[in-house]
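The values are calculated or read from the model by the stated rules, or taken from the named source; none is laboratory data. Quick caveat, the model's predicted, so the values are computed rather than measured. Please note: Cβ atoms are built from the backbone with ideal geometry, for glycine as well, and neighbour counts cover all protein chains shown.
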Amino acid sequence: MKLRKLKKESEKMKKMSNKGFTLIELLAVITIMGILMLVAIPAVTRTIENSRRDTFADIANEYINAVRNAVLADNIVCYESGDWRVASANPDGTYIFPICTSSATCEDMAMAASGTKVLQKSDIQQSTTDLMESGGKSPFGSAEMRGYVRMVKSTSTVAATGDGDATNKTKVEYTIMLIDSGKHGIDVEKKTTELKRSAVKTATSTAAINEPASANPCKNAEGTTETCHPCKMS
């Protein structure tokens, strides 16, 4: 009797295990998965994009620091008064270090005042490579970079105190404009303290991004052409 009962229960369990999911159960699972994907995919995409924008800002900061360190080490020369001179020894003025990771996207750089081309695109690409021994490309698909670091050198006189003499204080301000071939980047010059995620625009968040004026970066914020001096690695 007990054996027959156990046999019936075993057969019942076997039928239940072979039954599987009903159509309604499958539709419910698919619906839940669809809702989860609708919520998760945009969040993941946003996280990835924000991470890339943070990395882009970090790379821009690395370019500024690399230029600053190269100037201090006398590894950068700038074209001034018809000759290439060590950047740290040059007088007050505006100096431009062009950035271009591929000669295919570079443009020759000319002196704003005379229009004379003093830097060929191949020189700019090589100078960029020498500045950033590794890396330097965009986190958005390793796209090529193009832009410049602007150095504005100015000297002011500090009044004498007590029996001391007046002294001169030299200040160099660095700003950068940088975009990649996919139109992601910084289309307005930024200082190091301004290089944050919000400064990096993406092709999906803006209808049009201005190309940095690498062909003529000697225009100031007001759009007026000023005398500038192209620079390169020595």
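Tabulated results
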| item | result |
| --- | --- |
| Single unsatisfied condition, ALA66 versus (1) touching a helix residue (DSSP H, G or I) at 6+ places or on another chain (Cβ under 6 Å); (2) at pLDDT below 85 | (2) |
| Matching residues in region 96-111 - criterion: being closer than 23 Å to GLU133 by Cα, surrounded by 15 or more Cβ atoms within 10 Å (Cβ to Cβ) and either among the aliphatic types (A, V, I, L, M) or modelled with pLDDT under 90 (or both) | ILE96, PRO98, ILE99, CYS100, THR101, SER102, SER103, THR105, CYS106, GLU107, ASP108, MET109 |
| Flag for ILE124 being surrounded by 15 or more Cβ atoms within 10 Å (Cβ to Cβ), hydrophobic (A, V, I, L, M, F, W, C), under 17 Å from LEU178 (Cβ atoms) and touching a Phe, Trp or Tyr at 6+ places or on another chain (Cβ under 8 Å) | no |
| Number of the condition not met by PHE21 [criteria: (1) at pLDDT 80 or above; (2) more than 18 Å from the chain's Cα centre (by Cα); (3) among the aromatic types (Phe, Trp, Tyr)] | (1) |
| Residue count for region 40-58, restricted to those that are aliphatic (A, V, I, L, M) and closer than 13 Å to LYS190 by Cα | 1 |
